[in-house]
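Working notes, beginning with the structure itself.
Derivation of every value follows stated rules applied to the coordinates shown; laboratory data play no part. All values derive from a computational prediction rather than experimental measurement. A quick note on method: Cβ atoms are made from the backbone with ideal geometry, for glycine too, and the neighbour counts reach across all protein chains shown.
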Amino acid sequence: MSRRIEQRRAEFARYKEDVKTRGKPFHPGAMFHDTVMSLVVVCVIIGLACIWKYTHLIGPLLAEKADPGTTNFVPRPDWYFYFLFYLLRIFKWPESVILGTVGIPTICLILLLALPFYDLRRERRLGRRPVAIVAAILVVLSMGVLTYKGAVAKEALASEVVAAVPQWAQREGFANDPKGVAGAKVFAEGGCTSCHTYLGTGGGNLGAPDLSAEGSKGKGVQGLESYVADPSKFGNTVMPKFGAFSSIAAKDAQGKDLGISQLRALAIFLDASKGPK
């Protein structure tokens with residue numbers, strides 16, 4: 001241990017001697033360069049913001065107002081979060097989502113912050129640092145691949161929710177009820193899980209309740225149908241009205257709107273949801 005300390009002291013002394021003879025000290029040399037580059041970056045950001053505001057060359061100033069009742073909007077993060085966005089497709093909720101969203105990024109950040117403390121070698125030649133070079137290449141490739149796959153990934157959330165319908169039917173006990181299964185498909189395809197949760201699937205946004213045991217509250221099919229059609233009549237001003245259910249209404253061979261039948265099927269499904277057996 002004492003030999004290692006003496007070696008580090010000798011290396012530090014050589015470093016100070018190099019700074020005096022042929023290097024530049026941190027102050028004011030490096031600080032001046034950092035200040036100039038920071039000023040350049042800030043000016044570029046301000047310039048791009050002015051171009052965006054006054055010319056609209058890099059996008060509209062304001063987009064259309066958000067529609068909370070839409071079922072076809074696919075939320076996506078900014079491009080520099082695509083790698084994390086795709087990690088959510090690898091680590092599924094709820095078993096391993098914490099590992100993908102918190103665990104892996106936190107571990108990588110800790111390793112990066114601790115790098116100056118465990119990498120004390122002064123060697124700068126790439127050929128003499130195989131471990132560091134391989135690790136850097138793997139990190140860049142991993143983030144590049146995840147970013148690309150996140151950018152080109154097709155939204156599979158709806159299909160994943162629809163694929164869970166048979167499992168819902170088995171756990172809730174309405175597998176032999178065709179209308180209940182049809183209503184479950186309406187629930188899955190209509191984007192209801194964007195706000196509500198059902199047997200662990202969904203978002204739970206805006207305080208929307210879990211509907212896994214909605215049928216045990218005694219509202220009945222008619223009461224549930226009336227509530228979904230116009231929640232504002234029951235004091236719920238957050239949930240949009242689905243009276244016509246036109247956003248996900250299918251058409252039959254004659255082009256007739258099936259929105260009413262979908263609304264009834266949804267109510268039957270919710271009434272059959274008494275909680276997992």
Links that overshoot a 27 Å alpha carbon limit, given the list K185/K241; K65/K217; K65/K179; K53/K241: K65/K217; K65/K179; K53/K241
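Please give the net charge around G180, taking every other residue with its beta carbon less than 9 angstrom from that of G180, where Lys and Arg add +1 and Asp and Glu add -1. Display every interim value, and only then the final one.
Numbers: positive: K179; negative: E172, D177, D271.
Summing Lys/Arg as +1 and Asp/Glu as -1 gives -2.
Quick check on the range 76-154: take the gyration tensor over C-alpha atoms, sort the square-rooted eigenvalues as a ≥ b ≥ c, and tell me if it's rounded (a/c under 1.5), prolate or oblate.
Details: a/c = 3.07, a/b = 1.84, b/c = 1.67.
Judged from the Cα gyration tensor, the range 76-154 comes out prolate (a/c at least 1.5, a/b above b/c).
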Charge context of Y15, other residues only, Cβ under 11 angstrom, K/R +1, D/E -1: +3
